Amino acid sequence: MNKLILLFSILEVRKSFVYSRYKFKLKKLIKSIMFNKTPEQQQAIRNTIKLKMEDRETLTMSDINTICPAVSTPSPSPELRKTLGITDRYVHVPTTQVIEDIQKLGWNPIEACQVNARKRKGHQRHMIKFINPDFIVEGKDEYPELLLSNSHDGTTSFTLDIGIFRLICANGMVIKSQDFGSMKVRHYGYDFKTISGAVKDLMVKIPGYLQQVEDMKQQKLEKVQMLDFARKAAMLRFAKSNEESIEKIVDLSDFLESTRKEDDGNGLWEVFNRIQEKVVNGKFQYAFGKKERKARPVKGFKQQVKLNQDLWELASSYMSEAVEAV
């Protein structure tokens, strides 16, 4: 019996070793392909991947590694651990492994990005976005997304968030509510069962959030509520402002102006989408003093996720008020 157990252990070690060698060779192959290309050819490859992301096509692991190399960063050496301040308790789990595990659960990666970094380059925070074909219903404009964020510098756990993508404006919203926020998975003790449980827990919540979207579509706002929504949303973008100063910085009526017929009207969902698009994408003018400027899009994905979550929570508060009023 002991010999049999030993044999299985040896086989598992060999299998793990073969898998590690395969991953290492794959990474070397990706690097050699890019290294042997001219800068123009490298840019052409990145442009092709960018088009795939715009069309929301499934990305290959090679695509992800090309535009977001932090996902496959190897375990930091003892010297690097000391430099980055990573403790001995930190267990390195490459994001590529988590991506593969999430794919086994029916979710396909369609977008990848990483923050710019100098000191922690290769170990910085990054995010992968997934969609599940089972949740895409013909005739519906909205469907859920799964957002995975991680870093390899020992500062964060794996974080999973649910988003809602809207076909009409190609906008993504990240959900936040009082009863449920993000799902965190620690590196220590990571296995497929752990990530599977976290993803399934999120999937259970999805029908409720899609119903919340339908409820927002049915709810109408008064003019005073719309202006209040725009004011509070603007204050999320300009965190140092207050209710008195914000109206000197932005034109609230501009926040409420519709840019497409699908967003016309005073429905909470339509108002939310008009405001969200402008606040996140920077489609408005603002002024500090006498000088007027054009707002820029919020670029960092961490800031985008936080702002989207806060906007969702803000929109949800108006739905609660309306229900109580009825």
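Coordinate-derived values only; no laboratory data. Every value quoted in this text rests on a predicted model; they were computed, and no experiment measured them. Glycine gets a Cβ as well: all are built from the backbone with ideal geometry, and neighbour counts include every protein chain shown.
Summary table
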item: Amide H contacts under 5 Å for L59, placed H, 5+ residues apart; result: I110
item: Candidates per GluC sites (Glu not before Pro) in the stretch 230-326, loop by DSSP, up to 15 other Cβ within 10 Å; result: E243, E244, E257
item: Estimated FRET transfer efficiency (Q103, N281; beta-carbon r; R0 41 Å; 0.05); result: 0.90
item: Loop sites in the stretch 229-262: chymotrypsin sites (Phe, Trp or Tyr not before Pro), DSSP, at most 12 other Cβ within 10 Å; result: none
item: Phi-based couplings in Hz for the stretch 214-222 (Karplus 6.51, -1.76, 1.60; Gly and Pro marked x); result: 4, 5, 5, 5, 7, 8, 9, 10, 6
item: Residues S157, S245, S151 arranged by fewest to most Cβ contacts within 10 Å; result: S245, S157, S151
item: Coarse-grained scattering of the stretch 189-326 at q = 0.09, 0.17, 0.18, 0.21 Å⁻¹, given as base-10 log I(q)/I(0) from a Debye sum over alpha-carbon atoms; result: -0.33, -0.96, -1.04, -1.30
item: Residues K291 and F192, FRET efficiency given R0 of 56 Å [Cβ-Cβ distance, rounded to 0.05]; result: 0.55
item: 3J(HN,Hα) from dihedral phi, the stretch 105-116, Karplus parametrisation 6.51/-1.76/1.60, rounded to Hz, x for glycine, proline; result: 8, x, 9, 9, x, 10, 7, 8, 7, 9, 6, 6
